[in-house]
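Undergrad: Below are the structure tokens for one structure; questions will follow.
The values are calculated or read from the model by the stated rules, or taken from the named source; none is laboratory data. All figures in this text were calculated on a predicted structure; none of them were measured in a lab. Heads up, the Cβs are rebuilt from the backbone with ideal geometry, glycines too, and the neighbour counts pull from every protein chain shown.
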């Protein structure tokens with residue numbers, strides 16, 4: 001027959017060993033959660049956090065009567081990034097996109113990045129939300145376009161802009177002269193990237209708000225400019 | 001009068017255990033939800049887990065009503081069925097995460113892991129061998145042979161973590177029945193060839209050890225999982241980030257709803273919110289352990305302590321892995337991790353434990369050696 005006292009003693013030894021193990025686990029847990037926390041958060045942030053600059057919309061150029069001569073418009077384009085070199089996957093994703101947007105253009109299997117659709121409309125962006133999450137290959141990219149009223153003399157006066165590191169920079173005419181005023185100051189944003197370098201949903205945090213550029217008001221009217229009286 | 005008091009204590013311990021187990025399972029559901037809030041279907045895993053929880057609670061209540069004599073008398077048959085399922089899964093099982101350990105049923109997309117369900121039946125088998133043994137050496141050899149046979153199909157899956165749990169429980173049964181120390185010393189000699197064979201067949205085990213030893217040397221490869229445990233727990237701090245905002249668990253931590261669920265809880269609820277898991281499990285363990293020592297039936301007593309030890313060992317291995325104290329083993333946290341097999345088998349095991357506690361009588365004492 002079992003000796004109850006000896007059995008209890010052995011069982012107590014086991015319980016004590018398990019309890020000691022639990023205490024070691026708690027100590028380690030406390031170490032990572034409290035004592036060494038800052039160090040591991042720093043290391044983790046190095047892996048995941050990225051600072052991004054974003055630019056405010058370039059301000060408008062208006063004539064003395066308040067008629068807008070130059071302004072910016074934002075468009076969104078849908079791209080396919082060829083991450084896998086798999087024609088089957090390309091086809092699968094293309095078919096999925098086509099269900100949502102019948103006008104989608106088939107991406108090229110030979111290019112690293114192909115445009116599927118230019119200038120998406122807001123309802124199309126909403127419809128694509130789930131696919132963007134499902135397929136890392138899909139990417140919606142914003143694009144800014146500078147528009148100028150369609151009079152040749154006004155175009156010459158206003159000048160031209162070009163994209164430099166994600167922002168519009170004036171390279172001639174009034175766009176160049178008032179570039180600093182029109183551009184404003186960039187904002188800073190901190191985001192977290194996941195293991196696949198995708199932006200983690202809701203992880204963004206603003207560090208500095210962007211300062212919008214100021215509209216430039218001219219002393220002449222659009223008619224005067226057209227007639228060369230500016 | 002004493003008997004009546006004892007019955008009352010058993011009743012109270014049963015109600016306490018049932019309530020705390022349910023609470024822990026709900027805690028687990030919360031963690032599973034939290035690990036998927038940023039995913040495309042945040043409610044998918046937690047919805048399934050809630051279904052398993054309801055089924056599991058029914059299984060536990062039913063298993064508790066069956067007299068313990070039914071389990072003890074049919075221990076060999078149950079163990080044989082469980083063993084056949086372990087063999088069958090090697091032939092017809094599905095491979096998930098590199099392990100052929102599941103039967104999947106296509107029409108339901110549900111899967112069953114036989115090595116989880118085999119746990120209570122393995123312990124019933126060990127207890128059966130132990131209480132019927134007359135000679136210490138023969139009993140030890142029978143226990144060792146049964147364990148070795150049990151480990152082979154599990155290592156072939158390969159599932160080194162579960163094999164480790166089985167091995168530790170075998171040791172606990174040996175210690176509880178008073179196996180002489182010199183017999184236990186022969187175990188390293190017996191286990192070395194098995195370990196060498198397991199390492200030869202599964203080189204990933206060595207990789208996990210190297211990643212554990214120096215995670216910084218290969219932070220994007222073998223050290224990745226360990227690093228993510230450290231980062232996830234650190235983000236939790238004292239009180240955790242807000243519920244539903246566990247960005248690290250959602251984005252970096254591998255298997256955040258199953259093998260890494262403790263770290264997920266730590267990130268969401270912090271040190272203060274995750275510690276009660278150990279405390280609640282400790283309360284369940286001690287209340288049942290204390291009462292089991294007063295039972296007369298040797299089989300019950302041995303089964304309750306061994307089964308509770310198995311659950312606690314699995315819990316401690318899971319937490320040890322999650323706090324970077326052990327290399328990743330792929331073990332779930334009983335009651336809290338996502339997985340129907342793990343949850344059902346643990347609740348079934350608690351049902352049998354409660355049956356052993358509630359269906360006791362002085363006549364049930366078995367012969368046993370000191």
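Undergrad: Looking only at region B:270-326, count how many residues are closer than 24 Å to residue B:167 by Cβ and outside any helix (DSSP H, G or I).
TA: 4
Undergrad: Would region B:352-361 turn up any residue that is over 11 Å from the mean Cα position of the chain (by Cα), more than 10 Å from every other protein chain (Cβ to nearest Cβ), at pLDDT 90 or above and not in a helix (DSSP H, G or I)?
TA: No.
Undergrad: In addition: Condition check: free of Cβ contacts under 8 Å to residues at least 40 places away in the same chain, farther than 27 Å from residue B:224 by Cβ and crowded, with 23+ Cβ neighbours inside 10 Å. Does residue B:312 satisfy that? Full working, then the answer.
TA: On the way: free of Cβ contacts under 8 Å to residues at least 40 places away in the same chain: yes; farther than 27 Å from residue B:224 by Cβ: yes; crowded, with 23+ Cβ neighbours inside 10 Å: yes.
The answer is yes for residue B:312.
Undergrad: Looking at (1) touching a helix residue (DSSP H, G or I) at 6+ places or on another chain (Cβ under 7 Å); (2) more than 14 Å from chain A (Cβ to nearest Cβ); (3) farther than 21 Å from residue B:293 by Cα, which one does residue B:73 not meet, given that it meets all the others?
TA: The one condition residue B:73 does not meet is (1).
Undergrad: For residues that are more than 14 Å from every other protein chain (Cβ to nearest Cβ) and under 19 Å from the mean Cα position of the chain (by Cα), tally how many sit in region B:157-185.
TA: Going residue by residue through region B:157-185, those that are more than 14 Å from every other protein chain (Cβ to nearest Cβ) are B:157-163, B:166-167, B:182-183, B:185.
Of the ones still in play, those that are also under 19 Å from the mean Cα position of the chain (by Cα) are B:157-163, B:166-167.
So the answer is 9.
Undergrad: Sticking with this structure for a sec: Any residue that is over 26 Å from the mean Cα position of the chain (by Cα), away from every other protein chain (no Cβ under 14 Å) and surrounded by 14 or more Cβ atoms within 10 Å (Cβ to Cβ) - is there at least one of those in region A:77-98?
TA: For region A:77-98, residues over 26 Å from the mean Cα position of the chain (by Cα), away from every other protein chain (no Cβ under 14 Å) and surrounded by 14 or more Cβ atoms within 10 Å (Cβ to Cβ): absent.
Undergrad: Condition first: under 30 Å from residue B:293 (Cβ atoms), more than 8 Å from every other protein chain (Cβ to nearest Cβ) and within 46 Å of the chain's Cα centre (by Cα). Now tell me which residues in region A:1-48 satisfy that.
TA: A:23, A:27
Undergrad: Just give me the residues in region B:231-263 being farther than 23 Å from residue B:278 by Cβ and assigned to a helix (DSSP H, G or I), in sequence order.
TA: Across region B:231-263, the qualifying residues are B:247, B:250, B:251.
Undergrad: So residue A:213 ticks every box in (1) crowded, with 17+ Cβ neighbours inside 10 Å; (2) in contact with a helix residue (DSSP H, G or I) (Cβ under 6 Å, 6 or more places away or on another chain); (3) in the same structural domain as residue A:105 (by TED's automatic domain parsing); (4) farther than 30 Å from residue A:44 by Cβ but one. Which box is left unticked?
TA: Of (1) crowded, with 17+ Cβ neighbours inside 10 Å; (2) in contact with a helix residue (DSSP H, G or I) (Cβ under 6 Å, 6 or more places away or on another chain); (3) in the same structural domain as residue A:105 (by TED's automatic domain parsing); (4) farther than 30 Å from residue A:44 by Cβ, only one is false for residue A:213: (3).
Undergrad: Could you say whether any residue in region B:327-346 is buried (at least 20 other Cβ atoms within 10 Å of the Cβ) and facing another protein chain (nearest Cβ under 8 Å)?
TA: no
Undergrad: Tally up the residues in region A:187-210 that are in contact with a strand residue (DSSP E or B) (Cβ under 9 Å, 6 or more places away or on another chain) and crowded, with 17+ Cβ neighbours inside 10 Å, please.
TA: Count: 6.
Undergrad: Continuing with the same structure: In this structure, is residue A:59 under 25 Å from residue A:188 (Cβ atoms), in contact (Cβ under 8 Å) with a residue 12 or more places away in the chain, crowded, with 17+ Cβ neighbours inside 10 Å and within 10 Å of chain B (Cβ to nearest Cβ)?
TA: Values: under 25 Å from residue A:188 (Cβ atoms): yes; in contact (Cβ under 8 Å) with a residue 12 or more places away in the chain: yes; crowded, with 17+ Cβ neighbours inside 10 Å: yes; within 10 Å of chain B (Cβ to nearest Cβ): no.
Considered against the rule, which asks whether it is under 25 Å from residue A:188 (Cβ atoms), in contact (Cβ under 8 Å) with a residue 12 or more places away in the chain, crowded, with 17+ Cβ neighbours inside 10 Å and within 10 Å of chain B (Cβ to nearest Cβ), residue A:59 comes out as no.
Undergrad: Sticking with this one: Checking the structure you have, find out if any residue of region B:230-248 is in contact with a strand residue (DSSP E or B) (Cβ under 7 Å, 6 or more places away or on another chain), in contact (Cβ under 8 Å) with a residue 60 or more places away in the chain and away from chain A (no Cβ under 14 Å). Can you show your working first?
TA: Keep residues of region B:230-248 that are in contact with a strand residue (DSSP E or B) (Cβ under 7 Å, 6 or more places away or on another chain), which gives B:247.
Restricting the remaining residues to those that are in contact (Cβ under 8 Å) with a residue 60 or more places away in the chain gives B:247.
Going one step further and asking which of them are away from chain A (no Cβ under 14 Å), we end up with none.
Checking region B:230-248: not a single residue is in contact with a strand residue (DSSP E or B) (Cβ under 7 Å, 6 or more places away or on another chain), in contact (Cβ under 8 Å) with a residue 60 or more places away in the chain and away from chain A (no Cβ under 14 Å).
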